[in-house]
Structure formats: C-alpha cells, structure tokens
Ligand SMILES: Cc1cc2nc3c(=O)[nH]c(=O)nc-3n(C[C@H](O)[C@H](O)[C@H](O)COP(=O)(O)OP(=O)(O)OC[C@H]3O[C@@H](n4cnc5c(N)ncnc54)[C@H](O)[C@@H]3O)c2cc1C
C-alpha cells in the first residue's frame, strides 16, 4: 500500500512538473533610447496575461529617470496595458520604457489593442485643497530646498510645493560644480606661475563701481602676500571670485548681490557637507568658470547634482517637513499689497490654495525650456530658433510669469546663455580636455567665457564640436563613470560618443583624419609643457597622452537664463517702482541681476544654495 502511495506521489509530481513546463511564461525583451542611454524592458507573458515586467536603464538620471524605471514596470502589470501615465519629471525615460515594453509585448504575441487599452483611473477628489504655513516655498530644486530647510531651522512652519512628480529641477541634473574660494583646499593644488598674470590683469581694469575698487584693493593685498611667501599653490579668494563674476558678466551684475554670493559660497559648501554631501578631492575649473574653484561632489547620492538637493531634502523631511509634488502654482495671492499665499492646481486637477503667514518664496528656476518666453526676451543672439535646451522640461519660468503678473520688476531678461552640451557629457570640468572642430583642430581657448565659446562654435563649426579627454580624466578624475552615472567603457556608440585605446582609433571612428587629430594633440601637449598656447588657453594643467581616449559631440543648446525677478540681498522682491513687495521672496535661477550678461560656470549652484538659504531665513524671521 505504501509503495502504491509513493508511486502516485511521484506520478502527481511528474504531472505537476509537466503542467508547469507547459505554462512556462514567454519572455521577450526590447530596447529604446532613454535620456542617458538604452532602456531595456523584459516582459513575461503567460496565457495572454502580462505576468512580469522588468526594466533596466543604467544611464538614466538617478532620482529622475530612475523613478520611471522603478515605478512603471509594476504599473504596466497592474493595468495589463502600456497606456499608463508617464512618471512626472521623467517623460523621456518613461516614453522609452513604454515604447520598449510595447515592442516586447507585441513580440511575445499579445495584440496591440489589448496592450494599449485605456487604463481606468480611480476617481480622485477635485475639491479645493487649502493649507496654511508660515512660509510657502514654490519649487523644490536646490534653491527651494535650501530655503525650506533654513526657514524650518529658523522656527517657521513650511510647505514646499513642486509641480513635477519628483523634486530636483535643474539642480538634480547639474554638471556639477559649486564655485567657492576655499584657500585651505586650494593650498593643496599647484598653479603655474604665469597664472598670476591673469589675476593681475583684473587689477588694472578701470573700476566700474565702488565695490569693484574695494575688491581690486583686497586682491592686490592678497596677491602681494601670496607672492611674498613664494607660494606655488592655487591662488584664490572671495574678492577675486567677485571680480571675475562682475567682469565676466560685463559689469551688468548687481555688485551687492555678487558681494553676498561670493562671501557666502564657502559657507554653503560647509553647510551641505554637514548635511551629508561629500566632495571629490580636487577643485576643478568648470567649463566657463574662468578659474579653478569648482567643488565637485562625489557620486555617492546617485548623480553629482543630487548632492545639491537631497541633503537639504533629507534634513527637511527628518524635521517633519512635507513636499507636495504634482502641485503647480500659477498665481500669487495679494491682499492689501502683500503676498499672502499662492494658488494652483494639482496634476489630478484639484485646485489648491496655500496660505503663507510670513511669506511666499519663489524658487521655480529659469525659463530655458520656455521657447515663447525666451523668444519674447532674447536680445543676445540673432536667433534661438530650433535650439534644444540642456534643462529639464520644468524650466518654464512660471515664477517669473507669476511675479510679472503682480508687477514685480524683471531684470536682465535679454541675457540668455548658450553652451555646447550633450546628455552624454562625461565631465563639467575643462581641465583635462580640448575642443576640436570637424577637421580635428582646436579653434577656441577652452577656458574662455561661455558666450565667447558659444559664438565661436556657431560661427566656426555649425554649432557643435568634439570634446576629447584621455584616461587621466576617465580614470583619475571620473573613476570610469560620467557625471550622469554612465559607465564610460560601455556607453560609446560610435555615433556621437567614441571610445578607443588610441587617438587614431577614435579619429577613425569619428571620420577624422588620424594624423590631423594627432598633430592637434601634440601641439596642445607642447603648449601644456611650455605654458604658451597658440590658441590662447591659459589653464592647461595636464597633457592628453594616456589611452584610452574618449571623444563626444557637444552641440549648442540654451542653458541658463540670467534674467528674472529683481531681489535685494535679503531676497525681497522689488516691484516695478523700486519698492519691496511685502511677503514675496525669490532665490535661484528665477531671479535676475546677479550674473550680468554671462554667468560663470559653477556660479549658479552657488547662487541657488546661498540665496536659497538667505530667502528661507528672511521669510522665517520676518
Ligand atoms: C545640464 C545642466 C548642468 C548644469 N551644471 C551646473 C554646474 O555644474 N554648476 C552650476 O553652478 N550650475 C549648473 N547648472 C545650472 C544650475 O543647475 C541651475 O541654475 C540651478 O540648479 C537652478 O536652481 P534652482 O533651484 O533655482 O532651479 P531648479 O533646480 O530648476 O528648481 C526649480 C524647481 O521649481 C519647480 N517649479 C517650477 N515651476 C513651478 C510651479 N509653477 N509650481 C511648483 N513648482 C515649480 C521645478 O519643477 C523645479 O523642480 C546646470 C544646469 C543644467 C541644466
């Protein structure tokens, strides 16, 4: 009897195994181009049902595209359809993922009608949402999160509203360096003696305002002391940073705001550090910075830019602060000449009204992604038509429009920054690279101002160039990973990113004459050694001679809007009659007047953190 029972058990097990193998799920994969690289989706289909979806997108931006990678696969399984909503703030990655999922599901034998059927949504309330706090912060990028935390630190209750599905804005995708003179750290880096001449060139300029005279005197004394000690380390000071910011913006920037920015930048670095940001050892020359003072975060928080948003977010939330994502503000509420709140609509269509006892802080960023607004104000370039932007879709100038509506004064709106850029960028530092044109030759000093580089690139090379670096950048500076988290060895595509052991190899891949590229690099290396560059570059810390090499195409894009609402150095907003608007504060790229006609690379993050902190403190202590 026992024998019979065990035979039946074995038969049953075999039958179960057979039935299992008959219903084994069909697994297929497909790939689509995401924001930073390929997004690959693998689906399993069984009996006409989607049983599992997984996605990989190692090059998508952490905290932005990665949200789509995390959230959409389960949403597709739940809905049994790819007609699910894109994840807010991650439209490009979402679209790629949904396209790839659709292709994989079709390949697995499902029919198009069933997998694209509309998804029934749960009914959501569209009743008015009404909340009150001392301070309402509009926008959760670097400036907004700095403001929110400082307002909280000064005893205020705070509400943060963010229109996208995820926080971070421009700041999260920043390159990412924060300019601050930090003598202690700079003392560990050397500087060629001939760069002293660059510092001295600022001392002989005709002062254009009283503060410029003060800064020149300070730098004169500091440089004298530096020379007297026979120092060879990297010279810098807050006063020199101020001079370069003012001169670099063609004397258009507000000297009082520049004074504040450069004095407080280093405190911003220490503050972020206390909150959890970690920095790479070397101070770098970020592209267009005109000096070596960029503090570059490590990739510990996912992307470089994350270090300028997440540390403040973490502290703010740990203190009980709430961020309302999917809340788009569209109107400032004014009562008796005072801003007392802000209204808008959630992505679910519910109206909201946020009352502010003390003040509303606009931290909504710039307007590089608002084609209409940039056309309305652009005075700097013959045309911006057809140009892409480096910015995420969130940079639509909403805060500027809301402020304009209540007669806030706008300054510098015509100054719009263009830069050569690619989402395949490996680094924002210019130290280790050169720019070469379509013939494989250099054409502009790589350490020039951004507006000069942009104009030369448009005139000379149809608005694009190759950025070439060697293994010193790839391994020593970047540890093999781009600033957007791509593995350098793996992300070359032979189309606009080229990677190879030798210069000849990448030249051939890119269709350049290998001999011309080699001659260009040889000439540059000779300039590094002699300190004299026929193209005119002054900052040449390293040769390009250690393979492997990386070269990628950068094209001109709209990058930064220098104009915006006018503020004083406590971040109060001025109206068109030069009077402060009570209850209204602004910080970050929504403001104008700091960077003049040309922002120095690395100064925008400093701006967001410094003025974000000031705005939060001012509003909370009103
Ligand atoms: C690719 C790239 C690289 C960069 N690299 C550097 C660098 O290395 N160094 C440097 O100094 N600068 C860099 N910059 C510039 C710098 O990142 C920005 O100037 C800075 O981050 C702006 O910060 P912010 O907080 O003012 O705006 P953002 O970070 O853009 O934040 C604004 C936030 O407000 C939200 N918002 C907008 N409108 C509304 C509304 N109506 N309601 C609610 N919320 C709203 C947005 O969704 C966004 O989250 C870079 C920019 C880009 C695009």
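Beta bridges assigned by DSSP with both partners in the chain are antiparallel in approximately 75 percent of cases.
Each peptide among 271-282, 87-98 gets the average number of other Cβ atoms lying within 10 Å of its residues, and from highest to lowest they stand as 87-98, 271-282.
Once a ≥ b ≥ c are taken as the square roots of the eigenvalues of the Cα gyration tensor of the stretch 266-305, is the result rounded (a/c under 1.5), prolate (a/b larger than b/c) or oblate (a/b not larger than b/c)? Note, shape of the stretch 266-305 comes out oblate.
So the label point goes 7 Å from the Cα of residue 274 along Cα→C-beta, right? Which residues of the stretch 310-329 then have their backbone N under 20 Å from it? The answer is 310-321. By the count of neighbouring beta-carbon atoms within 10 Å, fewest first, 251, 574 end up ordered 251, 574.
Label zone of residue 281 (point 7 Å out along Cα→Cβ, amide N under 20 Å): in the stretch 292-327 this covers 292-301. Expressed as a whole number of Å, what is the distance separating the alpha-carbon centroids of the stretch 213-261 and the stretch 507-563? Between the Cα centres of the stretch 507-563 and the stretch 213-261 lies a distance of 29 Å. Ignoring solvent entirely, what values of log10 I(q)/I(0) come out of the Debye formula for the chain at 0.06, 0.08, 0.11 Å⁻¹ when each Cα is a single scatterer? Calculated log10 I(q)/I(0) at the listed q: -0.36, -0.61, -1.08. The listed peptides 181-192, 375-386, 605-616, ordered by packing as a protection proxy, come out as 605-616, 181-192, 375-386 (highest mean of other Cβ atoms within 10 Å first).
Computed from label points 7 Å out along Cα-Cβ, the spacing between residue 401 and residue 193 is 5.8 nm.
Determine the shape class of the stretch 419-557: with a ≥ b ≥ c the square roots of the Cα gyration tensor eigenvalues, call it rounded for a/c under 1.5, and otherwise prolate if a/b is greater than b/c, oblate otherwise. Note, shape of the stretch 419-557 comes out rounded. Estimated from the Cβ-Cβ distance and a Förster radius of 41 angstrom, the FRET efficiency linking residue 496 and residue 153 is about 0.35.
Our summary gives the stretch 419-557 a relative contact order of 39 percent, counting only alpha carbon pairs under 8 angstrom and 6 or more residues apart.
Given only helices, namely DSSP H runs of n ≥ 4 each adding -39500 (n - 2.57), what is the per-residue ellipticity at 222 nm of the chain, to the nearest 500 deg cm²/dmol?
After summing the helix terms and dividing by the residues of the chain, the value is -11000 deg cm²/dmol.
Rounded to the nearest 10 degrees, the angle from helix 450-461 to the longest Cα principal axis of the chain is 70 degrees. One decimal place: the segment residue 481-residue 338 gains 46.6 nm when fully extended, by the rule 0.36 nm per residue minus the C-alpha distance. Classify the stretch 416-460 as rounded, prolate or oblate, taking a ≥ b ≥ c as the square roots of the eigenvalues of its Cα gyration tensor: rounded when a/c is under 1.5, otherwise prolate if a/b is larger than b/c and oblate if not. Note, shape of the stretch 416-460 comes out rounded. At an R0 of 51 angstrom, the distance between the Cβ atoms of residue 372 and residue 220 translates into a FRET efficiency of 0.60. Extension gain for residue 112 to residue 77 (0.36 nm times residue separation, less C-alpha to C-alpha distance): 11.1 nm. Across the stretch 211-306, the convex hull enclosing all Cα atoms gives 117 Å³ per residue. The label point for residue 569 and the one for residue 538, both projected 7 Å from the Cα toward the Cβ, are 2.6 nm apart.
Let me have the relative contact order for the chain, percent, based on Cα pairs under 8 Å that are six or more residues apart. Worked out over the chain, it gives 19 percent. Separation of the stretch 298-331 and the stretch 591-622 by C-alpha centroid, Å? Each part reduced to its Cα centre gives a spacing of 17 Å.
Normalised by the residues of the stretch 176-301, what does the relative contact order come to in percent, with Cα pairs under 8 Å and at least six apart? Once normalised by length, the contact order is 37 percent.
Compactness of the stretch 24-115, taken as the C-alpha radius of gyration over 2.2 N^0.38 Å, stands at 0.98.
On the beta carbon distance between residue 322 and residue 347, with R0 = 25 Å, the FRET formula returns roughly 0.90.
Taken together, the values in this text are just the output of simple stated rules run on the coordinates, not laboratory data. Because the structure is predicted, anything quoted here is derived from the model rather than measured. Because the Cβ atoms are built from the backbone with ideal geometry, glycine has one as well, and the counts that use them run over all protein chains shown.
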